[in-house]
């Protein structure tokens, strides 16, 4: 691997080509360092980022939620997650989402890693956390229906990974990074 | 966890609200089983899906690529990946992408899991593979510049996971599922 970072392509032109209530799509006219020019499209991300949290109900049990996902029109099992609000740190957002989605706050959050979804097309970043020392506290969320909260034993993680409704790569990354952190602790 | 799968919301109306060369955004008017109505937006996915491949150069060495990512306007390290073309199986697409992006075909592919990116907003699915028994074969890709191919020793995977330019959740999932499969083999 070359030591030097490659020279970034030059952005000759940026233009908004489509937008809706939630999404903005931008076309980039790029000139690569070898002279090649191409037009790429990308989605403008929510610049404050998002969080996803692996909550420990006790040292042997994780908490998951089951929630409707419009993209796949299916109910999916996953971890609490959400966007970072204006004025919040990632940790504050994580604690708020835990209170809204599973009815617990966390006395201790440990960062796993910041991840992207598909960096070729999206800028959105999500910070993954583990949450320990939970205490009951409920905040009202904006969900159209109550979320189902599921206790999942750590020793049944293979069954979770094999499920067709546990598919989101950011949640899988968080789970496997959690197992790695526990193994190395 | 309740045994029965929840009743899916009813899609009262679907409409295309924005589109560009690559993206199509759809608004869904939904009625949940408790009577609540909401409008959700989602991106129409490429319905044939995509593949990502963890290629083993030898039993102790993975192959990675370094490539420009327009979404983050940065060079990112990751695994070969791409869309499944019309008429291809996921395995055929994986082999073609390997030939285009790293100059090798694979005699043996092993499926790890099918993952989603963010199922609340996107339907796109990606199948993750490990690739073994590589042989040299180069196909021309459509990249604007040659991709840098990087040999990464398996015993330095922690350094890879710690890098700020190895961030894509689908690639992290593939790497950690690979380590898990190797540990259990």
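Annotation for residue B:73, label-to-label distances across the other copies: 3.7 nm (shortest first, one decimal, point 7 Å from Cα along Cα→Cβ).
Can you pull the mean other chain C-beta count within 10 Å for peptide A:29-41? Mean number of neighbouring Cβ atoms from other chains: 3. Helical runs (DSSP H, four residues minimum) scored at -39500 (n - 2.57) apiece and divided by the length of chain B put the mean residue ellipticity at 222 nm at -5500 deg cm²/dmol. When each of the peptides A:148-158, B:85-95 is scored by the mean number of other C-beta atoms lying within 10 Å of its residues, the order from highest to lowest reads B:85-95, A:148-158. With angles folded into 0 to 90 degrees, how steeply does helix A:169-184 sit against the dominant principal axis of chain A? Use alpha carbons for both and round to 10. Once rounded, the angle reads 60 degrees. Remark: label point of residue B:24 defined 7 Å out from Cα along the Cα-Cβ vector; separations to the same position in other copies 2.5 nm, ascending. As a rough footprinting exposure proxy, the listed residues A:61, A:7, B:127 were ranked by other beta carbons within 10 Å of their own, and the order from fewest upward is A:7, A:61, B:127.
The mean count of C-beta atoms from other chains within 10 Å of the C-beta of residues in A:42-50, rounded to a whole number, is 2.
Centroid-to-centroid, using Cα positions, segment A:106-168 and segment B:1-51 are 21 Å apart. Per-residue mean of foreign Cβ neighbours for A:15-25 is 6 (Cβ atoms of other chains, 10 Å radius). Note on B:66, A:42: ascending count of other Cβ atoms within 10 Å places them as B:66, A:42, the fewest first. Distances from residue B:6 to itself in the other copies, using label points 7 Å out along the Cα-Cβ axis, amount to 4.3 nm in increasing order.
Taken together, the values in this text are just the output of simple stated rules run on the coordinates, not laboratory data. Worth saying up front: this structure is predicted, and the values here are computed from it rather than measured. Quick reminder, even Gly has a Cβ in these numbers, built from the backbone with ideal geometry, and neighbours come from all protein chains shown.
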